[in-house]
Amino acid sequence: MSFLTTSWIKNINKLHLNACGGVSDQIVKSIEWLNLGVAVCGRVAQEGQRIIAENIQGGKDKSTDLVRSLGIQAYCCHPLIGNGEVLGTLSFGSKLKKDFSDEDITMMKIVADFVAISMTRLIDEEKLLKSQRRANERAEELEKMMNIVPSAIWIAQDPQCLEITGNATANSFYEAKEGENVSLGLAKVSEGVQVRRFFCDGKELTAEELTMQVAASSGKDVLNSELEVLLPSGRRMTMLGNASPPEGREWENPGLCRRFYGYNGKEKS
């Protein structure tokens, strides 16, 4: 029994031979690439339907010329389908049998389905890796842009705003280290102390009352928010800025910017 596995390279509309058995190296080189619609596998990929060819040596079907030249008598080619589209083909050929039994065809179908599932997983993993790489590239570009902007910008990494980091200007303003999580909510939960304290109209604010958290919980922009912050050094600063919540499912996409919060600040006398 011989077998051939191909992948459909859609940008050039050709089938590429991925793996095979029972076929000489010389023949492999000659069938490494096939045009869509050519030979049995090319038709299966194009039509998305299984083709069974039997008593090939005694027939004259042009589409079986290739397998006939290999001395194959019976040939069965299955489309490999994943996510609703043809990914390639899996073929089985016999030089001894003139036809296949129902049990033979059922077993071939089981193998083809298994191969299709494996190919689909590999393709999905590759797409995920590409998406993650693009997200990381965007995050790196964003970080570079943020650090040259002469305004304080903070980004929340989750809907509860438990992880908030800022650009270089924001860190300088907040007396924070590079990459430091400046979330008031996290400070209260994990440390028991507040590194920075916030006030509005003389009233000390809880983490839930801060501008970024209000924007995140309400799903609405908060504009021209004026706060007073008591910094670790004891300095008091007034802050004026805006907060915008993420759109759609951006919270679920690692590496993407969730929300900007920019302030212009001045020291309070």
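Just to check your reading of the model, which residue among Lys203, Lys177 is more than 35 Å from the chain's Cα centre (by Cα), among the basic types (Lys, Arg) and at pLDDT 90 or above?
The conditions single out Lys203.
Filter segment 145-155 down to the residues that are surrounded by 11 or more Cβ atoms within 10 Å (Cβ to Cβ) and either farther than 30 Å from Ser244 by Cβ or hydrophobic (A, V, I, L, M, F, W, C) (or both) and list them by number.
Met145, Met146, Val149, Ala152, Ile153, Trp154, Ile155
Among what's in segment 206-235 and is acidic (Asp, Glu) and under 37 Å from the mean Cα position of the chain (by Cα), pick the residue that is surrounded by the fewest Cβ atoms within 10 Å (Cβ to Cβ).
Out of the qualifying residues, it is Asp221.
So Met108 fits all but one of (1) within 20 Å of Leu36 (Cα to Cα); (2) out of contact with any helix residue (DSSP H, G or I) (no Cβ under 8 Å at 6 or more places or on another chain); what number is the exception?
Of (1) within 20 Å of Leu36 (Cα to Cα); (2) out of contact with any helix residue (DSSP H, G or I) (no Cβ under 8 Å at 6 or more places or on another chain), only one is false for Met108: (1).
Quick one: Ser183 ticks every box in (1) exposed (fewer than 14 other Cβ atoms within 10 Å of the Cβ); (2) without any contact (Cβ under 8 Å) to a residue 40 or more places away in the chain except a single one, so which number is it?
Of (1) exposed (fewer than 14 other Cβ atoms within 10 Å of the Cβ); (2) without any contact (Cβ under 8 Å) to a residue 40 or more places away in the chain, only one is false for Ser183: (1).
Quick one: in segment 158-171, which of the residues that are touching a strand residue (DSSP E or B) at 6+ places or on another chain (Cβ under 8 Å) and polar (S, T, N, Q) is nearest to Gly219 (Cα to Cα)?
Thr165
Residue by residue, here is whether (1) at negative phi; (2) under 39 Å from the mean Cα position of the chain (by Cα) holds:
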{"residue": "Ala39", "(1), (2)": "no, yes"}
{"residue": "Glu54", "(1), (2)": "yes, no"}
{"residue": "Thr64", "(1), (2)": "yes, no"}
{"residue": "Leu70", "(1), (2)": "yes, no"}
{"residue": "Ala74", "(1), (2)": "yes, no"}
{"residue": "His78", "(1), (2)": "yes, yes"}
{"residue": "Asn83", "(1), (2)": "no, yes"}
{"residue": "Phe100", "(1), (2)": "yes, no"}
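Could you tell me which numbered condition His78 fails, if it satisfies all but one of (1) free of Cβ contacts under 8 Å to residues at least 12 places away in the same chain; (2) touching a strand residue (DSSP E or B) at 6+ places or on another chain (Cβ under 8 Å)?
The single condition His78 does not satisfy is (1).
Collect the residues in segment 118-144 that are closer than 30 Å to Ser172 by Cα and surrounded by 12 or more Cβ atoms within 10 Å (Cβ to Cβ), keeping them in residue-number order.
Those that are closer than 30 Å to Ser172 by Cα and surrounded by 12 or more Cβ atoms within 10 Å (Cβ to Cβ): Arg134, Ala135, Asn136, Arg138, Ala139, Leu142, Glu143.
Just checking, does segment 233-249 include any residue being part of a helix (DSSP H, G or I), modelled with pLDDT of 85 or more and not charged (D, E, K, R)?
So far as segment 233-249 goes, no, none of its residues is part of a helix (DSSP H, G or I), modelled with pLDDT of 85 or more and not charged (D, E, K, R).
Is there a residue in segment 152-171 that is hydroxyl-bearing (Ser, Thr, Tyr), assigned to a helix (DSSP H, G or I) and within 18 Å of Met239 (Cα to Cα)?
Yes, there is a match, as at least one residue in segment 152-171 is hydroxyl-bearing (Ser, Thr, Tyr), assigned to a helix (DSSP H, G or I) and within 18 Å of Met239 (Cα to Cα).
Scan segment 120-151 residue by residue and report those that are touching a strand residue (DSSP E or B) at 6+ places or on another chain (Cβ under 8 Å), of a type in the set (A, V, I, L, M, F, W, C) and under 25 Å from Thr89 (Cβ atoms).
Residue satisfying the conditions is Ile123 alone.
Do the conditions hold for Val189, that is, is it closer than 15 Å to Ile155 by Cβ, among the β-branched types (Val, Ile, Thr) and either touching a Ser or Thr at 6+ places or on another chain (Cβ under 8 Å) or modelled with pLDDT under 90 (or both)?
no
How many of the residues making up segment 56-115 are within 16 Å of Leu17 (Cβ to Cβ) and among the hydroxyl-bearing types (Ser, Thr, Tyr)?
The number of residues fulfilling the criteria is 4.
Kindly indicate which of Glu143, Glu228 is among the charged types (D, E, K, R) and assigned to a helix (DSSP H, G or I).
Glu143
Between a residue in segment 116-144 that is closer than 24 Å to Ile164 by Cβ and any residue that is modelled with pLDDT of 90 or more and among the charged types (D, E, K, R), which pairs come within a Cβ distance under 6 Å, given they are 6 or more apart or on different chains?
Correct list of pairs: empty, since none qualify.
The values are calculated or read from the model by the stated rules, or taken from the named source; none is laboratory data. Here the structure is a predicted model, which means the values were calculated and not measured. Quick reminder, even Gly has a Cβ in these numbers, built from the backbone with ideal geometry, and neighbours come from all protein chains shown.
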